[in-house]
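Just below is one structure, and these are the notes that go with it.
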Amino acid sequence: MQAQAAAAVTASNRVVVLGALSAIAISAARIYAKEGAALLLVARNQQRLDALAADLKARGAVLVETAAVDLEAEAMSAPVHMAQWKQRLGGLDHVHLVYGYLGTQSEATASPAELARITSSNYASAVQWCEAAANIFRKQKSGSLVAVSSVAGDRGRQSNYAYGAAKGGLALYVQGLAHSLAPTGARAVAVKPGFVDTPMTDGMKKGGPMWASPDQIGRILRRAADKGGPIQYAPGKWRLVMMIVRSVPAFVFHKTKV
Amino acid sequence: MTVPFLQSDAIASWGRVVRASHRVARPRFTDELPALIAASEAGPALPIGLRRSYGDSNLNPDGRVIDMTGLDRVIAFGRETGVMRAEAGLSLSQALQILVPAGWFLPTTPGTRFVTLGGAVANDVHGKNHHSAGSFGASVTRIKLLRTDGSAHELAPGDPMFHATVGGLGLTGLIAWVEFRAARIPSAQLDAQDAEFGHVRDYFDIAAEAHTRFEHTMAWIDCLSGGARLGRGVLSAANWRQDGDLTPHREDPKLAMPIDAPGFALSRMAIGAFNSIFHDLKRMRTGPYVSHYEPFLYPLDKIAHWNRLYGRDGFYQYQCVLPPTTAREGVEELLKVIAASGQASFLAVLKDFGAHAPAGLLSFPMEGTTLALDFRNQGERTLTLMADLDRIVLSAGGRLYPAKDGRISAAMFAAGFPKLQDFRGYVDPGLSSAFWRRVAG
């Protein structure tokens with residue numbers, strides 16, 4: 001039954017979503033569903049994954065598989081999981097890494113456990129999944145990895161340098177993967193969103209032209225799986241904004257509170 | 001992790017008259033709901049959706065609201081049966097994206113697709129096909145309701161709590177999911193035609209005739225012309241085409257009002273000119289035409305935030321229904337008062353409701369004619385005009401639509417809704433709204 005359904009996917013649209021329950025991931029997954037893709041959703045909560053799977057099937061996905069996995073805890077087994085997921089989908093074309101943990105800088109400063117969680121979630125575990133996906137793509141000479149980084153990774157700032165450093169490191173890692181994959185035809189992309197109106201950012205003051213919706217970012221993630229360079233800002237205007245932020249000299253920057 | 005209630009000044013209704021502060025929770029998963037709906041010492045809460053209700057039925061100033069729009073998953077959809085069960089925050093727009101390609105449509109739809117399923121049930125919304133399909137509640141087969149006492153109920157037609165919840169303005173409990181029966185369509189395109197009438201008295205015969213031949217009908221009215229041209233307008237009518245084109249609408253609006261319109265933009269002259277141009281455009285279109293459902297059923301959804309047209313003071317909408325026996329005289333009288341007042345109404349819509357039994361205790365639709373129009377908020381002047389209109393509606397045996405209202409008195413509400421006393425018994429004591437506190441007396 002499962003193999004039959006997988007065989008029905010003729011287009012190169014077999015997708016693994018890591019952190020599938022995030023608002024941005026759901027938006028991207030719905031685009032794939034509408035295209036008739038086969039999806040494998042990974043997150044911790046099986047009950048929520050089941051609800052999302054039913055929704056994506058109703059929206060047109062030919063196959064929706066789920067895996068209740070703690071992506072931080074299981075990172076060392078990434079190659080094994082990734083190979084199994086590829087098998088369950090009958091092939092692997094795109095891997096989206098969307099999970100992450102914002103935390104707060106003040107807690108990270110005070111608590112080694114919080115600092116470890118931020119670096120593990122956003123960097124240490126993430127690169128294991130990226131490498132596992134890239135190894136498959138390298139071997140099959142096709143496929144794309146799209147990992148969600150952040151504009152916070154472009155310059156260390158007093159308000160969130162733990163998160164920023166981890167996300168910035170992830171982008172560097174993915175950039176390196178893109179370089180190494182280039183001769184094979186496979187791709188890797190780090191997408192750097194700015195402010196996104198999701199539960200992760202609840203508690204911040206929202207609204208205004210610099211805030212994007214999860215749907216906007218979801219569309220960018222979907223497009224990044226098909227084309228574009230290894231570092232993509234989401235939306236694109238953040239490239240210019242961050243170029244300016246990066247070029248502010250330290251003696252000026254240190255007088256700000258950002 | 002529990003979902004927090006966070007302070008926000010961003011919650012407004014579509015009319016934008018009331019500026020208030022709320023504490024907002026934005027759940028995304030069903031398992032988060034019980035903790036949010038549980039009775040709290042923080043006072044009554046209110047579930048809200050896409051906030052297309054115009055007045056204050058979707059506001060709970062200085063209180064808690066549960067924004068349901070993050071719960072937008074389809075739970076089950078039978079492509080062969082047309083039965084869809086989905087979380088209450090799913091928009092009609094999103095539902096159509098799934099229904100239409102499979103050859104189904106909403107059983108009925110209001111003039112905007114940016115309404116949640118929960119909102120469609122809580123307001124028992126109606127559409128251009130009311131004379132054939134009844135209100136939305138007539139096609140609802142099941143509802144999951146969570147009450148603040150911690151109880152959960154799966155309700156079906158016939159269950160008294162079901163009929164209190166349909167049209168119940170979100171006051172009987174939190175609607176977690178809705179199951180409804182969609183309607184078969186042979187195409188996403190409509191065969192439409194327009195008929196002009198020079199005076200509102202001619203509307204009634206034209207409409208009665210159109211109902212025998214068309215599934216969808218509605219009329220636009222020019223509220224500014226009086227005398228021999230009082231309530232001149234155009235009746236549009238349509239049936240689904242048979243051409244098998246099942247392309248759904250595009251999801252994004254093409255245009256948007258970026259900012260509030262300045263005051264002068266809505267002067268009487270400007271509105272008159274707008275209505276006149278609209279009228280001429282309609283007149284030029286003679287004979288039948290083909291229209292996708294999107295522009296025909298949702299003309300205003302093309303412009304995101306069109307409510308900003310009325311400027312920063314916001315606007316009121318006035319929608320009443322008058323029974324068949326008094327509708328002809330009553331509508332004419334209403335239009336006379338409106339024309340004489342010179343208080344511009346951007347849009348006026350006239351539509352007949354069929355003789356369907358109401359689906360809910362507080363359902364607005366009843367057999368007769370409904371008139372809907374907007375008034376820019378000009379303070380006391382506008383309220384006085386609407387109070388004058390209330391008296392006409394009251395003496396004609398009519399009533400007002402709670403989803404549109406932001407100011408009627410408890411007496412006016414009670415007079416229009418004879419089942420109000422029954423309804424009170426089903427209200428969840430842990431829920432309330434600004435509207436309810438005003439009209440419940």
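The values are calculated or read from the model by the stated rules, or taken from the named source; none is laboratory data. Every value quoted in this text rests on a predicted model; they were computed, and no experiment measured them. Positions of Cβ are generated from backbone atoms using ideal geometry, with glycine treated the same way; all protein chains shown enter the neighbour counts. Just so you know, the surface numbers come from the protein's heavy atoms only, side chains and all, with ligands and any DNA or RNA stripped out. Shrake-Rupley method; radii C 1.70, N 1.55, O 1.52, S 1.80 Å.
Taking the stretch B:1-56 only, how many residues are among the small types (Gly, Ala, Ser), surrounded by 20 or more Cβ atoms within 10 Å (Cβ to Cβ) and within 19 Å of B:Asp149 (Cβ to Cβ)?
Here the count works out to 2.
At least 2 residues that are assigned by TED's automatic domain parsing to the domain that holds B:Glu333 and acidic (Asp, Glu) in each: list the helices (runs of 4 or more DSSP H) lying fully within the stretch B:365-433 that qualify.
B:380-395
For (1) over 22 Å from B:Pro27 (Cβ atoms); (2) assigned to a loop (DSSP other than H, G, I, E, B); (3) not assigned by TED's automatic domain parsing to the domain that holds B:Glu215, each residue gets a yes or a no:
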position: B:Gly55; (1), (2), (3): yes, yes, yes
position: B:Leu59; (1), (2), (3): no, yes, yes
position: B:Met84; (1), (2), (3): no, no, yes
position: B:Thr108; (1), (2), (3): yes, yes, yes
position: B:Phe114; (1), (2), (3): no, yes, yes
position: B:Ala120; (1), (2), (3): no, no, yes
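Looking at the structure I just gave you, is B:Val321 buried (at least 16 other Cβ atoms within 10 Å of the Cβ) and aliphatic (A, V, I, L, M)?
When the stated conditions are applied, B:Val321 passes them.
Mind listing just one residue for me: the one in the stretch A:217-228 that is in contact (Cβ under 8 Å) with a residue 24 or more places away in the chain and more than 16 Å from A:Ala134 (Cα to Cα) and, of those, farthest from the other protein chains (Cβ to nearest Cβ)?
Ranking the candidates gives A:Gly228 first.
Just wondering, is there one or more residues in the stretch B:18-25 that are under 24 Å from B:Thr112 (Cα atoms) and of a type outside the set (Val, Ile, Thr)?
Checked the stretch B:18-25: at least one residue is under 24 Å from B:Thr112 (Cα atoms) and of a type outside the set (Val, Ile, Thr).
Take the residues of the stretch B:62-73 that are more than 21 Å from the chain's Cα centre (by Cα), of a type in the set (D, E, K, R) and on the phi < 0 side of the Ramachandran plot: which is farthest from the other protein chains (Cβ to nearest Cβ)?
Step by step, filter the stretch B:62-73, then rank; the result is B:Arg64.
For residues in the stretch A:28-55 being among the aliphatic types (A, V, I, L, M) and over 20 Å from A:Gln87 (Cα atoms), which is farthest from the other protein chains (Cβ to nearest Cβ)?
For the stretch A:28-55, the residue satisfying everything is A:Ala28.
Counting only residues that are of a type in the set (Gly, Ala, Ser), within 14 Å of B:Tyr318 (Cβ to Cβ) and out of contact with any Cys (no Cβ under 9 Å at 6 or more places or on another chain), how many does the stretch B:358-408 have?
3
Checking the structure you have, find out if any residue of the stretch B:100-118 is out of contact with any Lys or Arg (no Cβ under 9 Å at 6 or more places or on another chain), among the small types (Gly, Ala, Ser) and surrounded by 20 or more Cβ atoms within 10 Å (Cβ to Cβ).
Checked the stretch B:100-118: at least one residue is out of contact with any Lys or Arg (no Cβ under 9 Å at 6 or more places or on another chain), among the small types (Gly, Ala, Ser) and surrounded by 20 or more Cβ atoms within 10 Å (Cβ to Cβ).
Can B:Arg376 be described as under 28 Å from B:Leu230 (Cβ atoms), surrounded by fewer than 19 Cβ atoms within 10 Å (Cβ to Cβ) and of a type in the set (Lys, Arg)?
no
Tell me the residue from A:Glu74, A:Glu35, A:Glu114, A:Glu65 that is crowded, with 16+ Cβ neighbours inside 10 Å, of a type in the set (D, E, K, R) and within 26 Å of B:Ile75 (Cα to Cα), please.
Answer to the check: A:Glu65.
From B:Pro402, B:Pro418, grab the single residue that is of a type outside the set (Asp, Glu), under 19 Å from the mean Cα position of the chain (by Cα) and either open to solvent by less than 40 Å² (accessible area, probe 1.4 Å) or closer than 14 Å to B:Leu362 by Cα (or both).
B:Pro402
What number of residues within the stretch B:136-146 satisfy the criterion of being open to solvent by 10 Å² or more (accessible area, probe 1.4 Å) and within 20 Å of the chain's Cα centre (by Cα)?
Going through the stretch B:136-146 one residue at a time, the tally reaches 2.
Does B:Leu59 satisfy the condition of being within 14 Å of another protein chain (Cβ to nearest Cβ), touching a strand residue (DSSP E or B) at 6+ places or on another chain (Cβ under 9 Å), of a type in the set (A, V, I, L, M, F, W, C) and open to solvent by less than 20 Å² (accessible area, probe 1.4 Å)?
So B:Leu59 fails the test.
Residue-wise test of (1) under 21 Å from A:Ala23 (Cβ atoms); (2) open to solvent by less than 80 Å² (accessible area, probe 1.4 Å).
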| position | (1), (2) |
| --- | --- |
| A:Asp202 | yes, yes |
| A:Pro209 | yes, no |
| A:Ala212 | yes, yes |
| A:Gln216 | yes, yes |
| A:Thr256 | no, yes |
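Looking only at the stretch B:38-80, how many residues end up being free of Cβ contacts under 8 Å to residues at least 60 places away in the same chain and of a type in the set (S, T, N, Q)?
Matching residues across the stretch B:38-80 total 1.
Of all residues in the stretch A:77-111, how many are closer than 22 Å to A:Gly143 by Cα and open to solvent by less than 60 Å² (accessible area, probe 1.4 Å)?
Residues that pass the stated criteria total 17.
Against the conditions (1) more than 14 Å from chain B (Cβ to nearest Cβ); (2) modelled with pLDDT under 95; (3) open to solvent by less than 20 Å² (accessible area, probe 1.4 Å), where does A:Thr198 fall short? Just the number, please.
Exception for A:Thr198: condition (1).
Taking the options B:Gly198, B:Gly227, name whichever one is open to solvent by 10 Å² or more (accessible area, probe 1.4 Å), of a type in the set (Gly, Ala, Ser) and closer than 24 Å to B:Asp352 by Cβ.
B:Gly198
With respect to the numbered conditions (1) assigned to a strand (DSSP E or B); (2) more than 14 Å from chain A (Cβ to nearest Cβ), which one is the sole condition not fulfilled by B:Ala76?
Against the list (1) assigned to a strand (DSSP E or B); (2) more than 14 Å from chain A (Cβ to nearest Cβ), B:Ala76 comes up short only on (2).
Only residues that are among the hydrophobic types (A, V, I, L, M, F, W, C) and out of contact with any helix residue (DSSP H, G or I) (no Cβ under 8 Å at 6 or more places or on another chain): list them for the stretch B:199-245, please.
B:Ile206, B:Ala207, B:Ala208, B:Ala210, B:Phe214, B:Met218, B:Ala228, B:Trp240
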